[in-house]
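Trainee: To start, I am sharing the structure in question, which I have written as structure tokens.
The values are calculated or read from the model by the stated rules, or taken from the named source; none is laboratory data. Fair warning: this is a prediction, and the values are worked out from it, not measured in the lab. So basically every Cβ, Gly included, is an ideal-geometry build from the backbone, and we count neighbours across all protein chains shown.
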Amino acid sequence: MKFTIYKDKAGEFRFRIIATNGNILAASEGYKAKASAHGAIDRIKADAAAAPVVDETTA
């Protein structure tokens, strides 16, 4: 898996999470500063391992 940062048509920085098979798993909102996109990636990396899975399909 990898994160890729790119600039959109509006000039904002966005990132994608890409699986090893090349599929896009998630895409971010736009950020004015590249550092903000990097910060969001760092938060995801730090918090994802402890994030719970909430199954909303069961009552």
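Here's the yes/no breakdown for (1) in contact with a helix residue (DSSP H, G or I) (Cβ under 8 Å, 6 or more places away or on another chain); (2) at pLDDT below 95:
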residue: F15; (1), (2): yes, no
residue: A26; (1), (2): no, no
residue: A37; (1), (2): no, no
residue: A48; (1), (2): no, yes
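Trainee: Answer yes or no as to whether A33 is under 12 Å from the mean Cα position of the chain (by Cα) and among the small types (G, A, S). Before the answer, list the steps.
Mentor: Details: under 12 Å from the mean Cα position of the chain (by Cα): no; among the small types (G, A, S): yes.
Considered against the rule, which asks whether it is under 12 Å from the mean Cα position of the chain (by Cα) and among the small types (G, A, S), A33 comes out as no.
Trainee: Every residue in the stretch 33-59 that is acidic (D, E) and not in a helix (DSSP H, G or I), please.
Mentor: Start the filter on the stretch 33-59 by keeping residues that are acidic (D, E), which leaves 42, 47, 55-56.
Of everything in the stretch 33-59, those that are acidic (D, E) and not in a helix (DSSP H, G or I) turn out to be D55, E56.
Trainee: Continuing with the same structure: Sort out which residues of the stretch 11-32 are of a type in the set (D, E, K, R) and either over 13 Å from M1 (Cβ atoms) or in a loop (DSSP other than H, G, I, E, B) (or both), and write them in order of number. Talk me through it step by step, then tell me what you get.
Mentor: Restricting attention to the stretch 11-32, the residues satisfying the condition of being of a type in the set (D, E, K, R) are 12, 14, 16, 29, 32.
Passing the criteria: E12, R14, E29, K32.
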